[in-house]
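J.: One structure coming up, written as structure tokens, with questions to follow.
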Amino acid sequence: MQPTVETRCGGHVTLLFSIDKSARLPRNQGSRGAGFSVRHGVKVRATLHIDEDLVNRPVSVGIEPDKPNEAEACAVSSVSILDANGRPMEDASLYRDFLLACREARLLRPHEWLDVQVQLECPSSQGFGMSAAGLMALGEAVHALTQRGRVTQYEKIAHRIERQHGAGLGDVLGLSVGGVELRLEPGAPGWPGQAVSFSLESPVLLVWDASGERHTSLYIDDPDWQAAITAAGEKGLVTLRQGPWNSTRWKALLGEASAFAQASGMLTEQQRATVHQTVLNAIDDEGLQSICAGRLCMLGSSVAVVPRTVDRPPTVEELQRLEDRVKGAGLSAMQTEIAPVRLQD
């Protein structure tokens, strides 16, 4: 029987950020910023197979044989993906490129191939970090099946593949520390990327407009958006970088996230502004203004409802009332939780 593992990595929400794409190498690109990880994300089921024909490939003695092309030299993995609604997703290039990078790093042997099944738990292109979560979960699966390398190696590969696909800037770095994080330096986890985090136990309500998907590259590859986002993000980070990063900084994070949404121009887009206002109205209508805060998730048409203070998180029942109300207004929503801080490799 072939070895099989099931892994899972929660998603990530960025509340404010700046963009640093100046470096030539993808591992050095990324973003400073702040956000938090959530429990719901991407599940991966992976089975490791051995191609016996490649294991037993004859080797010439005394001479160097012609090098076969890549397709002939390596077993080909299979990848299938289901979105959050259980519908197949055709483009698996993100995951295939990750597996190819693992081969290039000698973390997968030429005669090994994987049957990978990916299940998204949150919608993609809504600011919930699904591509990063999927790559992190796949990295954990490869590591568990092969016992090769260190977790940080797979995180670095995940960051690089994300950058190559224009799918994210700081999600992998944020997920590598978990909890509520402050990304101090851009880049891949370990080095050059640097992040710190603290724990905050609380349920969270994610709200989005299903017709308002926003791919990250639409903003980070546009010079005008890049300039506006970076100016607003760096201004907020000046405050957040002062003093130790712990739960006493939650109030400051909420304040800077709100200021960033305005200064960056994110709230000038009507669809995003409508989602934001609908959530704020629901909070007011339920009388939860002193308990819940709604903040934009960068860069989707989405909002996260989070605790206004660390000592009084909303209850599941209170968030259920909000969920029912925003769904009644035509939006989509789901409950999750802030994920715990991750132990470093």
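J.: Of the residues R321, R241, R312, which single one is touching a Ser or Thr at 6+ places or on another chain (Cβ under 9 Å) and of a type in the set (K, R)?
T.: R312
J.: Only one of (1) closer than 16 Å to G179 by Cβ; (2) within 17 Å of the chain's Cα centre (by Cα); (3) hydrophobic (A, V, I, L, M, F, W, C); (4) crowded, with 18+ Cβ neighbours inside 10 Å is not met by V306, so which one is it?
T.: (2)
J.: Please tell me if V341 is in contact (Cβ under 8 Å) with a residue 60 or more places away in the chain, over 26 Å from S131 (Cα atoms) and surrounded by fewer than 18 Cβ atoms within 10 Å (Cβ to Cβ).
T.: Spelling it out, it is not the case that V341 is in contact (Cβ under 8 Å) with a residue 60 or more places away in the chain, over 26 Å from S131 (Cα atoms) and surrounded by fewer than 18 Cβ atoms within 10 Å (Cβ to Cβ).
J.: Of the numbered conditions (1) over 15 Å from T47 (Cβ atoms); (2) touching a residue at least 60 places away in the same chain (Cβ under 8 Å); (3) of a type in the set (V, I, T), I157 satisfies every one except a single condition; which is it?
T.: All conditions are met except number (2).
J.: Which ones in region 268-280 are without any contact (Cβ under 8 Å) to a residue 40 or more places away in the chain and over 22 Å from the mean Cα position of the chain (by Cα)?
T.: Hits for region 268-280 are T268, E269, Q270, A273, Q277, L280.
J.: Moving on to the next point. Please work out which residue is surrounded by the fewest Cβ atoms within 10 Å (Cβ to Cβ), limiting yourself to region 94-147 and to residues that are within 17 Å of the chain's Cα centre (by Cα) and over 30 Å from G212 (Cα atoms).
T.: Looking at residues that are within 17 Å of the chain's Cα centre (by Cα) and over 30 Å from G212 (Cα atoms), I get E140.
J.: Mind checking whether some residue in region 317-324 is touching a Gly at 6+ places or on another chain (Cβ under 7 Å), more than 21 Å from G174 (Cα to Cα), crowded, with 21+ Cβ neighbours inside 10 Å and modelled with pLDDT of 95 or more?
T.: For region 317-324, residues touching a Gly at 6+ places or on another chain (Cβ under 7 Å), more than 21 Å from G174 (Cα to Cα), crowded, with 21+ Cβ neighbours inside 10 Å and modelled with pLDDT of 95 or more: absent.
J.: What number of residues within region 71-85 are part of a loop (DSSP other than H, G, I, E, B) and either more than 18 Å from G129 (Cα to Cα) or in contact with a Phe, Trp or Tyr (Cβ under 9 Å, 6 or more places away or on another chain) (or both)?
T.: Summing the residues that are part of a loop (DSSP other than H, G, I, E, B) and either more than 18 Å from G129 (Cα to Cα) or in contact with a Phe, Trp or Tyr (Cβ under 9 Å, 6 or more places away or on another chain) (or both) in region 71-85 gives 4.
J.: Any residue in region 187-207 that is among the charged types (D, E, K, R) and surrounded by fewer than 21 Cβ atoms within 10 Å (Cβ to Cβ)?
T.: Looking for residues that are among the charged types (D, E, K, R) and surrounded by fewer than 21 Cβ atoms within 10 Å (Cβ to Cβ), one finds at least one in region 187-207, hence yes.
The values are calculated or read from the model by the stated rules, or taken from the named source; none is laboratory data. Quantities reported herein were computed from a predicted structural model and do not represent experimental measurements. Because the Cβ atoms are built from the backbone with ideal geometry, glycine has one as well, and the counts that use them run over all protein chains shown.
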